[in-house]
1. Each residue of region 136-147 in turn: what ³J(HN,Hα) in whole Hz from Karplus with 6.51, -1.76, 1.60 and θ = phi - 60°, glycine and Pro shown as x?
2. Mind giving me the nanometre distance, one decimal, between the label points for Gln23 and Asp126, set 7 Å out from Cα along Cα→Cβ?
3. Starting from the Cα of Trp8, step 7 Å toward the Cβ, then list every residue of region 43-66 with an amide N under 17 Å from that point.
4. Reachable aspartates and glutamates from Lys145, Cα under 20 Å, same-chain residues fewer than 8 places away excluded?
5. So how far apart, in nm, are the two label points at Thr105 and Ala72 if each is 7 Å from Cα heading toward Cβ?
6. Two-decimal Rg/Rh of region 15-104 from alpha-carbon positions, Kirkwood Rh?
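Derivation of every value follows stated rules applied to the coordinates shown; laboratory data play no part. Small disclaimer: the values here were computed from a predicted structure and weren't measured. Cβ atoms come from the backbone with ideal geometry, glycine included; neighbour counts cover every protein chain shown.
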Amino acid sequence: MLGGSAKWPQETYLTLTASAPIQEDKILIARGDALGLTVDCSRGQIPSSVLVDYLFDSGERDEVRMNRTGAAEFRYEFSQVNSAFRFQVRGHDDQTAWIEVGVETPPAVESMALFYDFPDYTGLTDTPPDRPETDGNIRAPVGTKVAFAAKKKESRGANAATSRPRARTRSTYAIASAKVNASSCTASAPASRM
């Protein structure tokens, strides 16, 4: 029936992934970071083009064509995102929901402290908790364990970020620890509240 309300079978199915996690149609990135988008069209008919519609909070609105990077793959990158916006991706007879992108200013490091735990063979004294090394460069004998403490700058006041010493304020966070090997210094332990 021509012009009727019958729904035609969908031919194209777009699967969107981004360089940052999409949670409940929202993405959060650091101010100045890029946001990469990838669309997989391998299920169903592959469209001749895929477009990204976007709308910034400032009112700027546009659409851009994604770059075809494979038989059924399209990519686009928003470079240096500095303000919030929303976007959707569309191709042939499919389109994604509108995705909101939020932007936050990452904290800046105000000061850095290093705490060395030297191996027994060196005879060196470990860094006292009340007198950390502050130059930020790690220079240590092989086998040394290093804990980092960083204080971040914030417009709403300063919070401490640290992995040691543990007797600090409520705003104390574990950042990382490292071990010095013969040819490298490897860091571990992702940020977590202590």
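1. Once rounded to whole Hz, the list reads x, 9, 8, 9, 8, x, 4, x, 6, 9, 10, 10.
2. 3.5
3. 44-49
4. Here the aspartates and glutamates satisfying the reach criterion relative to Lys145 are Asp117, Asp120, Asp126, Asp130, Glu133, Asp135.
5. 4.5
6. Reported Rg/Rh (Cα atoms, Kirkwood Rh): 0.95.
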